[in-house]
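Beneath this line is the structure, given in structure tokens, with notes to follow.
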Amino acid sequence: MKELYSFKIKRKIKEEIKYDKEDKNGKIVEAKKTKTKTVVNRVVFVKPNYGSIEAGEFFYGQKYNDFINAGYLTKSMLSKKIGDIGGNTSKLSDEILTKAFLDNLEAARTIEFYEGQDKLEEEQEDRLGEAKEMFTSTQKEINDFENFNRSQYSQTAESKAEQKLMEWFIFNFSYYEDKVKDKTDLFPLFVGDDFDQKREHYLLLCEDQEDIEGDINLKNKSIFDESFTRLAQIANLWYNKMGANQKDLQESLEQVFPEEFKSKKD
């Protein structure tokens, strides 16, 4: 498994410690006490390979058809319905989006050209830096526009199917690192043989801690609470082509969610 992005989380666990003490008769007996300690786990979003992406697209198609059969409108059907009652798409918004797409494409070409060279002059380094800034800002602009569209068309068959696709990626590619018998390995955060079983486990982890039974589920719950928001962000950024490695995704996180990272830097 190739890692796409990883981050560390802290969680508190209760540990039972055994010790010897003297009872009232002067006899040494074994006693127990509970101690709370902080544990660090590394959480990993694994990079989907081409076969997995194809499987995800097939899953999306199935869900898309399910939502249509359930009576949801497609985006084109909803757009026509909006047009029929007098709504229309802003021409200015279309022009701004078109420019963002063109600027993004040009920046991507510049980055690809200069990063393929062994040594750059100072002026070329500046152009590369400007291109990277342009790529990130225009990608955010495009992403914001797409988010607006998602909210406007959130109840269409496409949007509902895409929500399920994001769940599919998160459930299948989210792992945490842990040590078992002195061996460190990656373990799936969501347990199950298929999407439905993993979603059931996800719903269980959404419950309050006191309503969850079993040591494994409780451990997954504590990791889930500290990591799910970031995993969802990473899945969406990767899916929207805003990063294909740790460095690029981190930059995109700081651009798209600046309020989360400003306080950490301060």
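The values are calculated or read from the model by the stated rules, or taken from the named source; none is laboratory data. For clarity, every value in this text was computed on a predicted model and none was experimentally measured. Quick reminder, even Gly has a Cβ in these numbers, built from the backbone with ideal geometry, and neighbours come from all protein chains shown. Remember, those area values only see protein heavy atoms, side chains included, never the ligands or the DNA or RNA. Shrake-Rupley method; radii C 1.70, N 1.55, O 1.52, S 1.80 Å.
Among the conditions (1) at pLDDT 90 or above; (2) touching an Asp or Glu at 6+ places or on another chain (Cβ under 6 Å), the only one that residue 261 does not satisfy is (1). For segment 24-37, filtered to residues that are among the β-branched types (Val, Ile, Thr) and over 41 Å from the mean Cα position of the chain (by Cα), the residue that is nearest to residue 209 (Cα to Cα) is 29.
Taking segment 228-255, which residues are free of Cβ contacts under 8 Å to residues at least 12 places away in the same chain, charged (D, E, K, R) and surrounded by fewer than 16 Cβ atoms within 10 Å (Cβ to Cβ)? Hits for segment 228-255 are 247, 254.
Against the numbered list (1) assigned to a helix (DSSP H, G or I); (2) surrounded by 18 or more Cβ atoms within 10 Å (Cβ to Cβ), residue 147 comes up short only at (2). Pairing residues of segment 114-133 that are more than 21 Å from residue 250 (Cα to Cα) with residues that are open to solvent by 90 Å² or more (accessible area, probe 1.4 Å), at Cβ distances under 7 Å and at least 6 apart in sequence or on separate chains, gives 114/127. Restricting 104, 65 to those that are open to solvent by less than 60 Å² (accessible area, probe 1.4 Å), modelled with pLDDT of 90 or more and of a type in the set (S, T, N, Q) reduces the list to 104. Applying the condition of being among the β-branched types (Val, Ile, Thr) and not in a helix (DSSP H, G or I) to segment 162-218 and asking which residue is surrounded by the most Cβ atoms within 10 Å (Cβ to Cβ) yields 191. Considering 152, 124, the condition of being of a type outside the set (Ser, Thr, Tyr), farther than 23 Å from residue 75 by Cβ, surrounded by 13 or more Cβ atoms within 10 Å (Cβ to Cβ) and at pLDDT below 90 is satisfied by 124 alone.
Against the definition (at positive phi, open to solvent by less than 50 Å² (accessible area, probe 1.4 Å) and not basic (Lys, Arg)), how does residue 71 come out, yes or no?
On the way: at positive phi: yes; open to solvent by less than 50 Å² (accessible area, probe 1.4 Å): no; not basic (Lys, Arg): yes.
Here the answer is no, as residue 71 does not meet what is asked.
Residues satisfying the criterion are present in segment 225-243 (criterion: of a type in the set (A, V, I, L, M), assigned to a helix (DSSP H, G or I) and over 24 Å from residue 101 (Cα atoms)).
Every residue, every condition in (1) polar (S, T, N, Q); (2) closer than 30 Å to residue 145 by Cα, yes or no:
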{"position": "202", "(1), (2)": "no, yes"}
{"position": "205", "(1), (2)": "no, no"}
{"position": "210", "(1), (2)": "no, no"}
{"position": "218", "(1), (2)": "no, no"}
{"position": "252", "(1), (2)": "yes, yes"}
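Being in a strand (DSSP E or B) and surrounded by fewer than 15 Cβ atoms within 10 Å (Cβ to Cβ): is that true of residue 17 here? When the stated conditions are applied, residue 17 passes them. Between a first residue in segment 1-23 that is free of Cβ contacts under 8 Å to residues at least 12 places away in the same chain and more than 30 Å from residue 209 (Cα to Cα) and a second residue that is open to solvent by 50 Å² or more (accessible area, probe 1.4 Å) and of a type in the set (Phe, Trp, Tyr), which pairs have beta carbons less than 8 Å apart while being 6 or more apart in sequence or on different chains? Matching pairs, first to second residue: none at all. Taken together, 173, 169, 195, 228 contain a single residue that is among the aromatic types (Phe, Trp, Tyr), over 30 Å from residue 78 (Cα atoms), out of contact with any strand residue (DSSP E or B) (no Cβ under 6 Å at 6 or more places or on another chain) and modelled with pLDDT of 95 or more, which is 228.
Only one entry of 159, 137 meets the criterion of being assigned to a helix (DSSP H, G or I), over 22 Å from residue 2 (Cβ atoms), of a type in the set (Ser, Thr, Tyr) and in contact with a helix residue (DSSP H, G or I) (Cβ under 7 Å, 6 or more places away or on another chain), and that entry is 159.
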